[in-house]
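Written below as structure tokens is the structure these notes are about.
FYI, it's all coordinate maths here, none of it is from the lab. All values derive from a computational prediction rather than experimental measurement. Here the Cβ positions follow ideal geometry from the backbone for every residue, glycine too, while neighbour counts run over all protein chains shown.
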Amino acid sequence: MAGTFSQIYIQTVFAVKNRDALIQPEWESELYKYITGIVQNKGQKILAINGTSNHIHIFIGIKPTCCLSDLIREIKKSSNTFIKEKRFTHYNFQWLEGYSAFSYSHSALNQVIQYIQNQKEHHKKKTFKEEYMDFLKNLTLNLMTIIYSIGLMNKINIKYRQSAMRAHHTTPKESNDDGHDFATNMRPLRGHLY
């Protein structure tokens with residue numbers, strides 16, 4: 001089949017330097033339109049954009065050829081210049097260095113879009129820091145589940161490979177401190193799934 005099919009959905013979050021409350025309601029929609037234009041001109045699709053006075057969320061459908069860090073760098077650099085040229089604020093506006101990015105499945109699209117659209121309401125109850133810590137907490141729980149699952153799969157894989165090696169009279173080239181084989185240093189076993 002010719003062509004490439006992908007479904008890559010990334011929510012990015014970045015803040016104003018020092019988390020200063022510089023994004024004002026009077027001009028934030030103009031900023032969001034400008035950022036939307038940047039994303040679209042780079043061939044990507046904005047699914048949602050919103051934020052508060054000190055940070056923004058951008059939900060993007062990206063192509064596999066897109067380098068997310070380059071896209072975010074361009075968004076921050078260009079929007080920073082845009083804000084200064086428009087003289088939206090008398091303060092020295094800058095984005096905080098860095099960003100966060102979270103990927104989502106297609107089934108979560110509506111939930112994430114709604115979450116981003118309700119940022120102002122949401123932040124009446126939670127600070128940016130509390131929101132961010134919740135993201136990291138959820139990510140850590142999900143990551144721990146993934147790591148645990150990978151660990152179980154690795155143990156199963158290692159035991160299978162060890163029994164397959166005994167059957168083929170082969171030995172591992174290296175092992176790590178806990179005695180487990182490095183999968184990358186194992187000789188392939190032809191005709192076996194591993």
The answer for residue 99, listing residues at least 5 apart or on another chain whose modeled amide H is closer than 5 Å to its amide H, is none
Counting only DSSP loop positions in region 32-132, the GluC sites (Glu not before Pro) whose Cβ has at most 16 other Cβ atoms within 10 Å are 97
Of the listed pairs 17/45; 42/63; 77/124; 17/137; 17/129; 33/124, those with alpha carbons more than 20 Å apart are 17/45; 77/124; 17/137; 33/124
Relative contact order in percent for region 8-124 (Cα pairs under 8 Å, 6+ apart) equals 41 percent
Amide H proximity to residue 94 below 5 Å, modelled H, separation 5+ or other chain, gives 17
For the residue 74, residue 120 Cβ pair and Förster radius 25 Å, calculated FRET efficiency rounded to 0.05 is 0.45
